[in-house]
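Asker: Below is one structure. I have some questions about it.
The values are calculated or read from the model by the stated rules, or taken from the named source; none is laboratory data. Note that the structure is a prediction, hence the values are computed from the model and not measured. Neighbour counts run over all protein chains shown; Cβ positions are idealised from the backbone, glycine included. Ligands, DNA and RNA are stripped out before the accessible areas are found, and what is left, the full protein with its side chains, is counted by its heavy atoms. Shrake-Rupley method; radii C 1.70, N 1.55, O 1.52, S 1.80 Å.
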Amino acid sequence: MVTTTATPPAGTRSSLLPLVVLSLCGFTSVTTELLPSGLLTRIASDLGTGIAGAGSLTSAYAAAIVLTVLPLTRFTLRVPRRVLFAAILSVFAAANVLIALSPTLPIAITGRVLAGVAHGLLWATMAPLVGRVTSPARAPRAMAIVFAGTSLGLAVGTPLGTLLGQAWGWRTAFLILAGVSAALAVFAFLTIPQVSPDTKRPLSIARAARLPGVGLIVGGWAVMLLAHFAVLTYIAPFLEHAGLGEMVGAGIAVLGIAGLAGVALAGRVPRRALFAGLLAAPTLIVAGLVGLGVLPVNLSFAVVLLGIWGAGYSAAAVFDQQVILVVGHEAPDTVTSISVLAIQLGIALGAALGGLTVEALGVAWVPVTGAVFAAVSVALRIPLRRFLPRHTPTTTQI
C-alpha cells in the first residue's frame, strides 16, 4: 500500500488551480457530448443524411464509452495523471477537429467515437484524482468545484455552442471546442500535481464490483440517470404539451443553472452528513418530477419545479461520487469506471423508457415515470448507511 505525499489543502492557490482546470475539463467533455443535439438538423443537412442518421453521432459517443471505459481505465492505472489528462484532452481536440472537417457521416462518427473514448476515461479517472490531491475533510468542496463544470456545460457550454453553430456554422463550433480542448491539455500538464502511479496490484473488475456498498451506489446512480434522461429526452414535447413550448431552451438552461446551485450546496455539506445528502438530493428530483407530472403547470411554476429537479440532480451526482470513493477506496479508479459504464447504460435505458412511456401513456406521463424510478434510486441508497464511516481519516491511502 502506498500513501500519497502531502498536498496543500484545497482552497489554497496551489491546489485550487488544478481543481479549476479539472472543472473546465468536465465542462469541455459535457459540451462535446451534448453539442450535436442543438445542431442536429444543420449537421444532417450538411452531411447529406436524415435526422436519425445524424442522431447516430450521439449513440456512437455513448457506445464508445460503454465499450472502452473499463479496459482503458485498467490499462492506464500506472500512467502519471498529468500525462494522462494531457493525452485525454489532446484526443478531445483531435476528435473535434475530425468532426469539424468531416466530409461524410462515417468520418464524423469516427470522430465521435474517439471523443467518447476520451470522455469515458476522463470521468473514470478525474474523481479519484480529486480524492488523491485533497485532504478528506476538504473533499466535498473540491468535488463541488470539479462537478460545477458539468452544470456549466449544460447551462452555458451547450447553449453557447449551439448559438455559435447557428451563427457561424456547426463546423466552426466544433473547431472552437477543439481549440479549447488543446489549450486545456497544456494547462492540465502544467497544473495537475505530479501524483505517482499506483504501484499495488489492482483489484479485478469483478472484485471491485463486489466491494461492500459498491453495487448499491452504482445501481442507485444508474437508476437516477435513467429517471433523469427518461424525462430530459422528452422535455421539449412535454413542455409543448403543457402549453410552454416557448420555454424549451430556457427550461434546459434552468436545469443547468439550478444544477450549479445544487453543486454549491452539496460542496458545503460536511462529510459527517454525507448520508443525509445522499438521500435528500434524489428526493428533490422526485419532488420536481412529481410536480411537473401531477400539478397544473404554468410558466412560473415550471421554472420552480425544473429548478428543484436540476438542483437535486447535480447535487446527487456530487454525493454519489463521494460515496463511490468511500466504499470503493480499495480500487477508486476501477469502481469509478464501473460507475461511468453504469451511468451510460442508465442514460440509454432512460431515453428508451421515455419513448415507451410516450407511446403507451402519452407525453404527459413522462415526468411521473421518471419520478417513480427516481424514488427507486432513493430506496437503493438507504442500505448504504452502514457502509459510510462516522468520521473521516486524516490520511489518504492509495
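Asker: Based on this model, can you work out whether VAL303 counts as surrounded by fewer than 20 Cβ atoms within 10 Å (Cβ to Cβ), within 20 Å of VAL156 (Cα to Cα) and either among the basic types (Lys, Arg) or modelled with pLDDT of 85 or more (or both)?
Answerer: So VAL303 fits the description; yes.
Residue-wise test of (1) under 30 Å from ARG78 (Cβ atoms); (2) part of a helix (DSSP H, G or I); (3) out of contact with any Gly (no Cβ under 7 Å at 6 or more places or on another chain).
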residue	(1), (2), (3)
ALA311	no, yes, no
ALA316	no, yes, yes
HIS329	yes, no, yes
VAL366	no, yes, no
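Asker: Quick test for you: out of LEU160, LEU164, LEU121, pick the one residue that is over 25 Å from ALA253 (Cβ atoms) and assigned to a helix (DSSP H, G or I).
Answerer: Result: LEU121 is the single residue among LEU160, LEU164, LEU121 that is over 25 Å from ALA253 (Cβ atoms) and assigned to a helix (DSSP H, G or I).
Asker: Exactly one of (1) in contact with a Ser or Thr (Cβ under 9 Å, 6 or more places away or on another chain); (2) of a type outside the set (Asp, Glu); (3) surrounded by fewer than 24 Cβ atoms within 10 Å (Cβ to Cβ) is unmet by VAL358. Its number?
Answerer: Only one criterion in (1) in contact with a Ser or Thr (Cβ under 9 Å, 6 or more places away or on another chain); (2) of a type outside the set (Asp, Glu); (3) surrounded by fewer than 24 Cβ atoms within 10 Å (Cβ to Cβ) is unmet by VAL358, namely (1).
Asker: Same structure again: For the list (1) over 16 Å from the mean Cα position of the chain (by Cα); (2) crowded, with 17+ Cβ neighbours inside 10 Å, I need the number of the one condition that ILE343 fails.
Answerer: So ILE343 meets the others, but not (1).
Asker: Among what's in region 126-151 and is among the charged types (D, E, K, R) and in contact with a Gly (Cβ under 9 Å, 6 or more places away or on another chain), pick the residue that is modelled with the highest pLDDT.
Answerer: Among those residues, the one meeting the criterion is ARG141.
Asker: Follow-up. Looking only at region 178-195, how many residues end up being more than 12 Å from VAL83 (Cβ to Cβ) and either in contact with a helix residue (DSSP H, G or I) (Cβ under 7 Å, 6 or more places away or on another chain) or among the β-branched types (Val, Ile, Thr) (or both)?
Answerer: 9
Asker: Hey, any hits in region 140-155 for a residue that's open to solvent by 10 Å² or more (accessible area, probe 1.4 Å), under 23 Å from GLY55 (Cβ atoms), assigned to a helix (DSSP H, G or I) and among the β-branched types (Val, Ile, Thr)?
Answerer: Yes; the residues of region 140-155 include at least one that is open to solvent by 10 Å² or more (accessible area, probe 1.4 Å), under 23 Å from GLY55 (Cβ atoms), assigned to a helix (DSSP H, G or I) and among the β-branched types (Val, Ile, Thr).
Asker: Only one of these is outside any helix (DSSP H, G or I) and within 22 Å of GLY354 (Cβ to Cβ): VAL297, VAL290, VAL286, VAL269. Name it.
Answerer: Of VAL297, VAL290, VAL286, VAL269, the one residue that is outside any helix (DSSP H, G or I) and within 22 Å of GLY354 (Cβ to Cβ) is VAL297.
Matching residues to (1) under 23 Å from the mean Cα position of the chain (by Cα); (2) surrounded by fewer than 20 Cβ atoms within 10 Å (Cβ to Cβ); (3) touching a residue at least 60 places away in the same chain (Cβ under 8 Å):
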residue: PHE238; (1), (2), (3): no, no, yes
residue: LEU244; (1), (2), (3): no, yes, no
residue: ALA250; (1), (2), (3): yes, yes, no
residue: VAL269; (1), (2), (3): yes, no, yes
residue: LEU279; (1), (2), (3): yes, yes, yes
residue: LEU284; (1), (2), (3): yes, no, no
residue: GLY293; (1), (2), (3): no, no, yes
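Asker: Quick one: what pairs do we get from region 89-106, first residue under 18 Å from THR49 (Cα atoms) and open to solvent by 10 Å² or more (accessible area, probe 1.4 Å), second in a loop (DSSP other than H, G, I, E, B) and modelled with pLDDT under 95, C-beta under 6 Å, 6+ apart or different chains?
Answerer: Pairs found: LEU105/THR49.
Asker: So for region 40-48 (the condition being surrounded by fewer than 21 Cβ atoms within 10 Å (Cβ to Cβ), modelled with pLDDT under 80 and not in a helix (DSSP H, G or I)), does at least one residue qualify?
Answerer: no
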